[in-house]
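Single-structure report; data block below.
The values are calculated or read from the model by the stated rules, or taken from the named source; none is laboratory data. Source: prediction; values computed, not measured. When we count neighbours, we look across all protein chains shown, and the Cβ atoms used for this are built from the backbone with ideal geometry, even at glycine. Surface accessibility is based on the protein's heavy atoms, side chains included, excluding ligands, DNA and RNA. Shrake-Rupley method; radii C 1.70, N 1.55, O 1.52, S 1.80 Å.
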Amino acid sequence: MSIGPSELLFVAVIVLVLIFISRGQKARKMRKQEEAERAEALRSARTGGTAIRYPELQLLGIVVMVAGLALAGIGYLMTRGVLDFYSVAGIAVLALGLSFVIMARQKVSPVAANQKSGVQTVRQTATSGKQSLPKSAANAASIDPKIKPEDMADFKRFMALKAGAAAPTIKPEDSADYQRYLALKAKAAEKP
């Protein structure tokens, strides 16, 4: 039995098809992995940290759910397929544990918390040049201190304006006194 060029060509085509299929699978796997990483990054950026508000309550809910499942299973097996008091009680305990888990994972949006508290905007008074503080300082701790990358340019402009507003300015009627002060300061620096 001899192997001719048509058989070699047929084997080569099969090998090439298998190579292209494996490369396509690797490319799809890489795309799915990149999409999963992007989705995870978006999810973590959107939530701003942990997704669970009360982890202890969630753990308690999981324990109560397991106890409810055990109670329902034991009641069901004791009566050999008939629902009885223990099975119904187990289902109720399971629902209670599920409600604990749901309550533990509820989120509060910072915008809604600020709207409820009635926090005033910070205004600069014209007479003293000082800033008024918000009425409720308790809600200030709930605000996320992180600055998003897209807001960094605005933040830098704000800080530059704030630094410019804090710079001392000399009124025209005080410039003569300021000039005398600078002259006295220069003489004092020359004496030693």
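Structure values in brief
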{"read-out": "Verdict on L71 being open to solvent by 40 Å² or more (accessible area, probe 1.4 Å), at pLDDT 85 or above and under 23 Å from I52 (Cα atoms)", "value": "no"}
{"read-out": "Matching residues, segment 53-107, being of a type in the set (G, A, S) and within 25 Å of R43 (Cβ to Cβ)", "value": "G61, S99, A104"}
{"read-out": "Single residue of D177, D151 found to be open to solvent by less than 70 Å² (accessible area, probe 1.4 Å), modelled with pLDDT of 75 or more, in a helix (DSSP H, G or I) and charged (D, E, K, R)", "value": "D151"}
